[in-house]
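Novice: If you scroll down you'll find the structure; I have some questions about it.
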Amino acid sequence: MKLNHSSSGDFMEPFTIVLKVDPFGKGRWQWKSNSDPWSKSEAPKWESYSVKHNYLIEKAYYDQQKEVDIGGYVISLKHMIQKKKGFGINKDP
């Protein structure tokens, strides 16, 4: 995963996450993978989490946890963002 910067040059590590549900009702957690995930002019690009990470996120979501640790990253289910460990929580733009 690349580190990202906003158009102003500020460091912007957190990535927006979403739960997308297919026509069969199966949910798949994804993260916004744009070079600048905070850009309003760039069309959104979404990448799916691995099966293992999807399971961990889904379990935490249904257990009503506020966060879930997926290795070097923490997902805030309250703010629906992913952040690298050691960075503060920023709200979704």
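Novice: Counting only other residues whose beta carbon sits under 12 Å from that of W46, what net charge do I get with K and R as +1, D and E as -1?
Specialist: +3
Novice: Please give every one of the lysines within straight-line cross-link reach of K66, meaning a C-alpha to C-alpha distance under 21 Å, and leave out same-chain neighbours fewer than 8 residues apart.
Specialist: Cα-Cα hits under 21 Å: K20, K32, K52, K78, K83, K84, K85, K91.
Novice: Explain nothing, just compute: Karplus ³J(HN,Hα) = 6.51 cos²θ - 1.76 cosθ + 1.60, θ = phi - 60°, for every residue of segment 26-40 in order, whole Hz, x for Gly and Pro.
Specialist: Each residue's phi maps through the Karplus curve to give 8, x, 9, 6, 9, 10, 6, 9, 4, 4, 10, x, 9, 5, 8 Hz.
Novice: Given just the C-alpha atoms of segment 15-84, how large is their convex hull per residue in cubic angstrom?
Specialist: 94
Novice: Next question, about the same structure. Collect residues whose amide H, placed 1.01 Å from N in the peptide plane, falls under 5 Å from the amide H of W46; neighbours closer than 5 in sequence don't count.
Specialist: Hits under the 5 Å cutoff: S33.
Novice: Additional query: Would you mind computing, in nm to one decimal, how far apart the modelled labels at K52 and S39 are, each placed 7 Å from Cα along Cα→Cβ?
Specialist: 3.1
Each reported figure results from applying straightforward, stated rules to the coordinates on display, with no laboratory input. Here the structure is a predicted model, which is why all the values come from computation and not from measurement. Neighbour counts are summed over all protein chains in view; Cβ atoms, including those assigned to glycine, are modelled from backbone coordinates with ideal geometry.
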